[in-house]
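A.B. asks: Take this structure, written in structure tokens, and hold onto it; I'll ask about it next.
Values quoted throughout were computed directly from the atomic coordinates according to the rules given, and no laboratory measurement underlies them. Everything quoted here is computed from the prediction, not taken from an experiment. Because the Cβ atoms are built from the backbone with ideal geometry, glycine has one as well, and the counts that use them run over all protein chains shown.
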Amino acid sequence: MNQFSTLIFSFLLLVSIQSCQDGHDAETETDVKSESTNSVKEISRKDVYKDQLFPKWLEARRTAQIGKSKSYEVFKDFSFKDELLKSNISFKHAITPDCAKLYKAAHYDHGTGVTIADVDKDGLYDIYFVSQINQGELWKNLGNGKFKDITTEAGLNISGKKVYVSASFGDIDNDGDADLYITTVKDGNVLFENNGNGTFKNISATSGTDLKAHSSGSIFFDYNKDGLLDIFVTNVGEYTTDRIGVFNVDDKDYRYYVAKEDAFYRHVKPEEAEQSILFKNLGSNKFQDVTSEVGLQNKSWSGDAIFVDVNDDGYDDIYLPNMQGADLYFENQKGERFVEKSKSIFPNTSWGAMSVKAFDYNNNGKQDMYITDMHSDMIAPESNGYDEEKIKKKSPMPESFLLTKGQSIFGNSFFKKTGPNKFEEVSDKLNLENFWPWGFSTGDINADGFEDLFIARSMNYPYRYQTNSLMLNNKGEGFLESEYILGVEPRREGRYAQPWYNLDCDGADKDHKECKDRSGQLTIWGSLGTRCSAIFDLDNDGDLDMVTNEFNDVPMVLISNLTEVHNELSFLKIKLIGTKSNRSGIGAKVILKAGKNTYTKIMDGKLGYLSQSDYPLYFGLGDAKKVDSIEVIWPSGVKQKIVDGIELKKEVEIKEQ
């Protein structure tokens, strides 16, 4: 490892050490090691910082937030409860050794997705969880908050041992059911065609989409408006070696590509970048790589992407966050080509961008963009408290590592749209800076007409616990911290850490770094943490619930009681059926008017990080007594307006004329 790589990892090590301490009455390393001769049961509680198992600072934050919330004018008198046990969901996310016993700072720790669709068309939305190792699981919604694992009977078993990253639902053949695309690390992505009854057929090879790369996120969109959904796949870069690691979990052997020791340094080597790929839908479930043909040349280290009409010309452009460097923006030239206009439109972007979503936060009809920045927080000294977590910091790294010529935002960014191709960065004004953010989801969780945010934040082993953030939209003026007052924090049963891996310090693991000055059997603990989420009406009661995919743990199934405590609220769900446009209406703009209020949403399917879903649009309408009109601008250009027969508290189906 060269001198510069050593400098990087010195910073990461410093962050790791400080994160466990964080100024919150943590045990010292010496205190922990002195207990190493005790039994496994005793050690497994003492071989972890007190702050990891019992974060005392949570209570101070909870008290402060409850006090502050007394001045909130938005509706907040409801709560969420984790009903995982009642749901019967037994899925548990599993990780590679590079995130545990053989820990190294590599891109394996970015987590995996969770996505939803009504796969069998019974009117209930099912959940597909992605696991890093051990294939994902499809859980059928049985109603009343209950689920059943139907992975095998649905035909979603995947042959071979792979490392999985993301999953997206989209109707590739316009037959009215949701197909499924899953990305992997170097072992070939997988495309499943839905047979129409909730069972699937693997068409990866015949479709031409079985790309082998360090793939991450994927999105379905119709870039050329031919009525067929195309696939855009983001690839990170060569952060692994070709060496195969094998490990055993529950008497099953798993394989993975061992990560490079200096994975977070590799972005400075252009030859190790990987091209993200655009697959054009040719029809008949065939796809063609047209990346070069349409000018989408980029080799940024990207984990996810969105489509968004930045210049308001009716064609969907691509915004590509860069995990380590400047983000990229490609303008769609009437479905024929893309032209990169990154710096002319977005001169300064988040250096370590992770997740991105476009939505209208202030109901002015314009699509704004929020980008979370994870990696800037990993190359700057650790924050010492909550107030410092809200402050953007200058990176200590040299330009030879940053590669952005000083044009970086070291923290989250929120681009408020002021006109075609015009944005203002207002993340601090909106109270949207935070620490260790991964993916986020949007949804009107209090049904007042404004989109709220659930932001997954964590780092897991070997770092301290970090809370998730639930941000209520303050009527378009900013966002208000609400995770404690709405029951998202603290977690169910006060769970903040769990056993991460075991060591035999007198045997095979005696040279492991954690076995220094220790002996006997050792259990190493790690903090719990969320990577991504989906917001949807899980129990079909009219309010929005939340499901998470946790890193190396079971999910949270956060059920809202909003309709129970506020049964007068109004809402509307809108399901689109395209005819000339793609069947799901992906890319359609929906404008709903109720009295003096106008609400605008784009059907993009982007419910969360590393995922795309197939679901109806949800409009919270507060105390509205009627909807005056619904206008749909379809991807085909057809404009359709409905003014009669609109019932509140229903799902409205709109078919393209």
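A.B. asks: What number results when the radius of gyration of region 466-526, computed over Cα atoms, is divided by 2.2 N^0.38 Å?
C.D. replies: Scaled against compact globular proteins, the figure is 1.92.
A.B. asks: Based on the Cα atoms of region 225-361, what semi-axes does the equivalent ellipsoid have, where each is the square root of 5 times one gyration tensor eigenvalue, given in whole Å with the largest first?
C.D. replies: Its equivalent ellipsoid spans semi-axes of 30, 20, 14 Å.
A.B. asks: At a threshold of 8 angstrom on Cα-Cα distance, excluding pairs fewer than six apart, so keeping six or more, what relative contact order does region 147-249 reach in percent?
C.D. replies: Contact order relative to length: 21 percent.
A.B. asks: For region 505-657, give the share of DSSP beta bridges that are antiparallel, in percent and rounded to the nearest 5; count only bridges with both residues there.
C.D. replies: 85
A.B. asks: If the limit is 28 Å between Cα atoms, which of Lys366/Lys641; Lys269/Lys417; Lys280/Lys639; Lys366/Lys392; Lys121/Lys286; Lys334/Lys601 go over it?
C.D. replies: In this structure, Lys269/Lys417 lie more than 28 Å apart at Cα.
A.B. asks: A further question on this structure: Compute from the Cα atoms of the chain the Rg and the Dmax, the latter being the longest Cα-Cα distance, and quote both in angstrom.
C.D. replies: For the chain, the Cα-based Rg and Dmax read 23.7, 76 Å.
A.B. asks: Within a Cβ distance under 9 Å of Phe247, other residues only, what is the Lys/Arg minus Asp/Glu net charge?
C.D. replies: +1
A.B. asks: Over the Cα atoms of region 363-405, what radius of gyration and what Dmax do you get, in Å?
C.D. replies: My reading of the Cα-based Rg and Dmax gives 14.4, 41 Å.
A.B. asks: Taking R0 as 30 Å, what FRET efficiency do you get between Val339 and Asp428 from their Cβ-Cβ distance, rounded to the nearest 0.05?
C.D. replies: 0.45
A.B. asks: In nanometres, what is the gap between the two model label sites at Glu568 and Ser292, each 7 Å from Cα along Cα-to-Cβ?
C.D. replies: In this crude spin-label approximation the distance works out to 6.5 nm.
A.B. asks: How large is the convex hull of the C-alpha atoms of region 415-517 per residue, in Å³?
C.D. replies: With only Cα atoms used, region 415-517 gives 164 Å³ per residue.
A.B. asks: What span do the alpha-carbon atoms of region 574-657 cover on each of the three principal axes, reported in whole Å from largest to smallest?
C.D. replies: 35, 30, 19
A.B. asks: So if the hydrodynamic radius of region 299-346 is defined as the Kirkwood radius over C-alpha pairs, what does Stokes-Einstein give as its diffusion coefficient at 37 °C and 0.692 mPa s, in µm² per second?
C.D. replies: 300
A.B. asks: Counting only helical runs of four or more DSSP H residues, what would the 222 nm mean residue ellipticity of the chain come to if each run contributes -39,500 (n - 2.57) and the total is spread over all its residues?
C.D. replies: That comes out to -2500 deg cm²/dmol.
A.B. asks: So, one more: Rounded to the nearest Å, what's the spacing between the alpha carbon centres of region 443-507 and region 160-204? Just the number, please.
C.D. replies: 29
A.B. asks: Only Cα pairs under 8 Å and at least 6 apart count here; give the relative contact order of region 41-193 as a rounded whole percent.
C.D. replies: 16
A.B. asks: What ³J(HN,Hα) values, in whole Hz, does the Karplus curve 6.51 cos²θ - 1.76 cosθ + 1.60 give for region 193-202 when θ = phi - 60°, with x put for Gly and Pro?
C.D. replies: My calculation for region 193-202 gives 8, 6, 6, x, 10, x, 9, 10, 10, 6 Hz in order.
A.B. asks: Taking region 513-571 on its own, what percent of its Cα-Cα pair distances exceed 13 Å?
C.D. replies: Of the Cα pairs, 70 percent sit more than 13 Å apart.
A.B. asks: Given bins 10 angstrom wide, list per bin the percent of all Cα-Cα distances in region 81-221, short to long.
C.D. replies: The distribution over region 81-221 is 12, 42, 33, 12, 1, given as percents.
A.B. asks: Where does helix 3-21 land angle-wise versus the long Cα axis of the chain, in degrees 0 to 90, nearest 10?
C.D. replies: In the chain, helix 3-21 runs at an angle near 90 degrees to the longest axis.
A.B. asks: Same structure again: State to the nearest 20 debye the size of the charge dipole of region 287-355 about its Cα centre, where the only charges are +1 on K and R beta carbons and -1 on D and E beta carbons.
C.D. replies: With only Lys, Arg, Asp and Glu charged at Cβ, the dipole is about 300 debye.
A.B. asks: A further question follows. Run the Debye formula on the Cα coordinates of region 328-379, all scatterers equal and no solvent, and tell me log10 I(q)/I(0) at q = 0.32 1/Å.
C.D. replies: -1.09
A.B. asks: Output the relative contact order of the chain, whole-number percent, from Cα pairs under 8 angstrom with separation of 6+ residues.
C.D. replies: Once normalised by length, the contact order is 16 percent.
A.B. asks: Please give the charge dipole size of the chain, origin at the Cα centre, charges +1 on K and R Cβ atoms and -1 on D and E Cβ atoms. Round to the nearest 20 debye.
C.D. replies: Here the chain has a charge dipole of around 560 debye.
A.B. asks: Another one. When the Kirkwood hydrodynamic radius is evaluated over all pairs of different C-alpha atoms of region 137-195, what value in angstrom, to one decimal, is obtained?
C.D. replies: 12.8
A.B. asks: On to the next question. Can you work out D for region 234-293 in µm² s⁻¹ from Stokes-Einstein, where Rh is the Kirkwood radius over C-alpha pairs, the temperature is 25 °C and the viscosity is 0.890 mPa s?
C.D. replies: The Stokes-Einstein estimate is 169 µm²/s.
A.B. asks: I would also like to ask the following. Sequence-distant or interchain residues sharing an amide H contact under 5 Å with Ile306, placed H: which?
C.D. replies: Tyr319
A.B. asks: Shifting gears a bit: Which value results for Rg/Rh of region 48-115 when Rg is the Cα radius of gyration and Rh the Kirkwood radius based on the inverse mean 1/r?
C.D. replies: Over the Cα atoms of region 48-115, Rg/Rh equals 1.09.
A.B. asks: In sequence order, what are the phi-derived ³J(HN,Hα) couplings for region 243-250 according to the Karplus relation 6.51 cos²θ - 1.76 cosθ + 1.60 with θ = phi - 60°, rounded to whole Hz, with x for glycine and proline?
C.D. replies: Residue by residue, region 243-250 yields 6, 8, x, 10, 9, 10, 9, 6 Hz.
A.B. asks: Give me the Debye-computed log₁₀ of I(q)/I(0) at q = 0.11 Å⁻¹ for region 180-252, equal point scatterers on Cα only, no solvent, two decimals.
C.D. replies: With one equal scatterer per Cα and no solvent, log10 I(q)/I(0) is -0.38.
A.B. asks: On a C-alpha basis, how far is the centre of region 278-348 from the centre of region 387-441 in Å? Whole number, if you could?
C.D. replies: When both Cα centres are located, 21 Å separates them.
A.B. asks: Per Stokes-Einstein, at 10 °C and 1.306 mPa s, what whole-number D in µm² s⁻¹ belongs to region 377-440, with the Kirkwood radius over Cα pairs as the hydrodynamic radius?
C.D. replies: Rounded, D is 119 µm²/s.
A.B. asks: Continuing with this model, one more query. Could you work out Rg/(2.2 N^0.38 Å) for region 282-433, with Rg from alpha carbons only?
C.D. replies: 1.11
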